[in-house]
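Working notes, structure below.
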Amino acid sequence: MVNKREAYVQQLFVKEDEVLRSIEPGLSERGMPQISVSPNVGKTLHMLVRITGARRVLEIGTLGGYSTIWLARALPEDGRLVSLELNAAHASFARTNVERVGLADRVEIRVGDAKKSLQQLAEEGETFDFFLIDADKESYLTYWEWAIRLARPGAVITADNTLLHDRIFEENVKDERVRAILRFNEAVSRDDRVEAMLLPFGDGLLVAQVKD
């Protein structure tokens, strides 16, 4: 349920086209989890890519391609986005959506274990200007370290779900996903390799910039 504040912002500032609006029901029809970034977060990511002038984006966690489309639309014509997805069915649906909006030439979706894909990207000598971490929460710190390794100077690293539906505020947390997010937030807050801030909207969007 979207609260009044989020709904107000979304109504005024977020313009979804037919493809973006179709992704959530498309996930439901396929029995896939409806855990895409919120429209407000999608628009914010889009703006961050534009503002930073990023040309190469790495997304960890594709799902149906909702955030992929927001990110890729912010790239220049010669820009490139690589998205890593474990589930082949998710990747197939995402590719269809990316093709529907005419961005297939800018987007590469790699299927498989993200950790192996990240190792492969490193071996290929790939580097990126912008990152979105939005996959299994238990691996966020691992993905963070890979992002730092693959980052160009001044790159921006973002991570969604860093409030995890406010579950991080529960007492005596036992859920490992929640514990993982708590560890992640605390580790990033102390990481002197970056300047970072957690934006408390959507489900919590962490934004960090790698120091030159």
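The values are calculated or read from the model by the stated rules, or taken from the named source; none is laboratory data. On a predicted model such as this, the values are computed, not experimentally measured, just so you know. Every residue, glycine among them, receives a Cβ derived from its backbone with ideal geometry; neighbour counts consider all protein chains shown. Only protein heavy atoms, including side chains, enter the accessible area calculation; ligands, DNA and RNA are left aside. Shrake-Rupley method; radii C 1.70, N 1.55, O 1.52, S 1.80 Å.
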Scope the range 45-78; condition in contact with a strand residue (DSSP E or B) (Cβ under 7 Å, 6 or more places away or on another chain) and surrounded by fewer than 21 Cβ atoms within 10 Å (Cβ to Cβ); matching residues: LEU48, THR52, ARG55, ARG56
Hey, can you tell me all the residues within the range 148-176 that are polar (S, T, N, Q) and on the phi > 0 side of the Ramachandran plot? ASN161, ASN172
Please find, among ASN172, ASN161, the residue that is among the polar types (S, T, N, Q), more than 16 Å from the chain's Cα centre (by Cα) and not in a strand (DSSP E or B). ASN172
Answer yes or no: is there a residue in the range 74-81 that is free of Cβ contacts under 8 Å to residues at least 40 places away in the same chain and touching a His at 6+ places or on another chain (Cβ under 8 Å). yes
Does any residue of the range 82-89 turn out to be in a loop (DSSP other than H, G, I, E, B) and surrounded by 14 or more Cβ atoms within 10 Å (Cβ to Cβ)? yes
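How many of the residues making up the range 11-37 are in a loop (DSSP other than H, G, I, E, B), open to solvent by 40 Å² or more (accessible area, probe 1.4 Å) and within 23 Å of HIS165 (Cα to Cα)? Don't jump to the end; show me each part of the working.
Restricting attention to the range 11-37, the residues satisfying the condition of being in a loop (DSSP other than H, G, I, E, B) are 14-17, 30-37.
Those still in the list that are open to solvent by 40 Å² or more (accessible area, probe 1.4 Å) too: 15-17, 30-31, 33-36.
Remaining after also requiring within 23 Å of HIS165 (Cα to Cα): 31, 33-36.
Here the count works out to 5.
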